[in-house]
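Presented below is the structure to which this report refers.
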Amino acid sequence: MCGRYASFLPAEALARLFGTVNPLPNLETTWNMAPTRDAPVVRICRTGERHLDALKWGLVPSFTKDLKKARKPINARSETIARSGMFREAFARRRCLVPAPIYYEWRDDPEGKVPFAVGRKDGDPVVFAGIWEEWRSPEGERLQTFATITTEANRLLGTIQDRMPVIIERADWPTWLGEVDGNPAALMRPQTTC
């Protein structure tokens, strides 16, 4: 996944789609969501309810000492996420869903890069698997961030890129979010519905 997607669905529509209960965040709409921007994510709060929140794209682990020097990855590889010191804890405890009407991939051609917009055949939003973290400075500043998860590209997208986002189907949202028992690792595979 190249690191760009559209984010133009209104907060009210996202809240209805995901069944979130918190006050709605102010969401900036864009056809070009880029790393370091605040983007909508759906996650489980401490009371066990779904919340729609705006988090910064680029994961900052809670153990980060120096925010200015920290790596802020936008993606985590599905094949290593459960073993990686940077992502392991978030994958085990802080998974989220990242909605996008479409996302973009670029194919390297001899004439240059060719962009492709990728969406679902049924018109529903694509929902990426994500992980989130909260970092706190010694002074008490809080920063909530997230990263999306990638996997090998399916046959169709493999003609454009070798990676694609992990896409979570609606029936699997409760498993991914930890609302029901299940194996979230089994959901990290190439989807064929895009």
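Express the carbon and sulfur contribution to the solvent-accessible surface of the chain as a percent, rounded to the nearest whole number, probe 1.4 angstrom. Walk me through the intermediate numbers first.
Details: 5040 of 10010 Å².
That share works out to 50 percent.
Lys and Arg at +1, Asp and Glu at -1: add these up for the other residues within a Cβ distance under 13 Å of Lys72 and post the number. Spell out each step's value before the answer.
Working: positive: Arg37, Lys56, Lys68, Lys69, Arg71; negative: Asp66, Glu133.
Net charge around Lys72: +3.
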Checklist outcome for this item: Read-out volume of the Cα convex hull per residue in Å³, candidates (1) 161; (2) 131; (3) 151; calculated match is (2)
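For region 76-121, just say rounded, prolate or oblate: build the C-alpha gyration tensor, square-root its eigenvalues into a ≥ b ≥ c, call rounded for a/c under 1.5, and beyond that prolate if a/b exceeds b/c, oblate if not.
Since a/c reaches 1.5 but b/c is at least a/b, the shape of region 76-121 is classed as oblate.
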Item to check | Highest to lowest packing among 61-70, 129-138, 92-101, scored as the average C-beta count within 10 Å | outcome: 92-101, 129-138, 61-70
Item to check | Most positive-pole-ward Cα, Gly112, Gly123, Ile81, against dipole of the chain from beta carbon charges | outcome: Ile81
Next on the checklist: Checking the cross-link filter: which aspartates and glutamates have an alpha carbon closer than 13 Å to that of Lys113, excluding same-chain neighbours under 8 positions apart?
Outcome noted: Glu105
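Using a 1.4 Å probe, what is the accessible area per residue for the chain, in Å²? Walk me through the numbers before you get to the answer.
Details: 10010 Å² over 194 residues.
On a per-residue basis, 52 Å².
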Next on the checklist: With n ≥ 4 as the cut-off for DSSP H runs, can you work out [θ] at 222 nm for the chain, using -39500 (n - 2.57) per run divided by the number of residues, rounded to the nearest 500?
Outcome noted: -2500 deg cm²/dmol
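What does the charge count near Ser7 come to, summing +1 for each Lys or Arg and -1 for each Asp or Glu among other residues with Cβ under 9 Å from its Cβ? Walk me through the numbers before you get to the answer.
Numbers: positive: Arg37; negative: Glu28.
Spelling it out: positives minus negatives among the neighbours equals 0.
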Checklist entry - Just how large is the dipole of the chain about the Cα centre, in debye to the nearest 20, putting +1 at every Lys and Arg Cβ and -1 at every Asp and Glu Cβ? => result 460 debye
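The values are calculated or read from the model by the stated rules, or taken from the named source; none is laboratory data. Just so it is clear, the structure is predicted and the values come from calculations on it, not from any experiment. With ideal geometry, Cβ positions are generated from the backbone for all residues, glycine too; neighbour counts draw on all protein chains shown. Please note that ligands, DNA and RNA were not included when accessible areas were found on the heavy atoms of the full protein model with its side chains. Shrake-Rupley method; radii C 1.70, N 1.55, O 1.52, S 1.80 Å.
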